[in-house]
Amino acid sequence: FRDINAQCEVGLVTVTKTMSSERFEDCDDDFRTILGEIKLDLNIISKRSGEQKKAAIRKAERKAEDAERVLQDMESESQIAPAAFRIGMNSKVRKYRSELEKVKRDLSQANSSSRDDLLAGSRTYGTHQDPAVVQASQRGRLLKGTDSLHRATDSIVRSKQVAAESEAIGTETLEDLVGQREQLLRAGETVQETDEEVSKAKRILISMGKRCVAICCHHPTGGMACLRGH
C-alpha cells in the first residue's frame, strides 16, 4: 500500500493493482488451504472412534489455531489498508471468521462425542468385543454376586442361631423364676404352719396356768404345795 500511495502522490503511474496487499493475499491463500484441510479432517473424524478419533480431533484443533493466527494477520493488514480497499478486505475477514467459528463448533461437538464414546465404551470395542472377554466379565460378575449371596446367607444363619440361643436362655430364666416362686410359696406355708403351732402351744400353756391357779385357790395346802413346787 505504501508503494501504491507513493506512486499516486508523485503521479508517475495509474493505480491498477488489486484491492489487497501481497501479505493479505498470502494470508488469504493460507487460510483457505488450512480451512479446507480442517473440513477434510472433520469428515475423517466422523468415521473414526476411540484413540484414533481423539488424535484426529487434536490434529484438527491445531490447524484451527493456525487458521486463527492467519485470520488475525489478515485483520491486521485490513486495518492498515487504504480506506478504498478496507471495506472489501473486512468483508472477506468477516466471512472467513464465520466459517472458522463453524468448524470450531463442529470440532467441539466431535470432541464431546469422543468423550461420551470413551465413557460408554468405544464403538469399536463396544460392538466387537471378544466373546471370551465378555464371558470372563460375566463370569466375574456372577461369582461376585454368588459370593455376596453366600455372605448374606451366612449372616442370616448366624442371626437365627443368636435368636435361638437367646430364646433358650429366656426359657431357662423363666423356669428358674417359676422354681423360686414355688420355693417362696412353700416357705410361706411352712411359716404359717409354724405360727399356728406356736399359737396352739401358747393356748395350751395359758390353759394349764389357769387350772393351776384354780387348784391353788380351792385347796390352801395344795396351794402352798403348788407355791413350793413353783
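Every read-out reported here was derived from the displayed coordinates using simple, explicitly stated rules and does not represent laboratory data. Remember, it's a predicted structure, so these values are computed and weren't measured experimentally. We place every Cβ from the backbone using ideal geometry, glycine too, and count neighbours over all the protein chains shown.
Full extension from residue 171 to residue 203: what is 0.36 nm times the residue separation minus their Cα-Cα distance, to one decimal in nm?
Length difference between fully extended and current span is 6.7 nm.
Do you know the relative contact order of region 25-96, to the nearest whole percent, from alpha carbon pairs under 8 angstrom that are 6+ apart?
Reported as a whole number, the value is 34 percent.
Where the only charges are on Cβ atoms (+1 Lys, Arg; -1 Asp, Glu), what is the dipole of region 25-104 about its Cα centre, to the nearest 20 debye?
Dipole size: approximately 600 debye.
In region 59-104, what GluC sites (Glu not before Pro) fall in a loop by DSSP, with at most 16 other Cβ atoms inside 10 Å?
Here no loop site has a sparse enough neighbourhood.
Residue 205: net charge of surrounding residues, Cβ under 14 Å, Lys/Arg +1, Asp/Glu -1, itself excluded?
Charge balance in the 14 Å sphere: +4.
Extension gain residue 61-residue 186, at 0.36 nm per residue separation less the Cα-Cα distance, in nm?
Between residue 61 and residue 186, full extension yields an extra 34.8 nm.
Work through the residues other than residue 179 whose Cβ is under 13 Å from its Cβ and net out their charges, Lys, Arg +1 and Asp, Glu -1.
Net charge in that neighbourhood comes out at -2.
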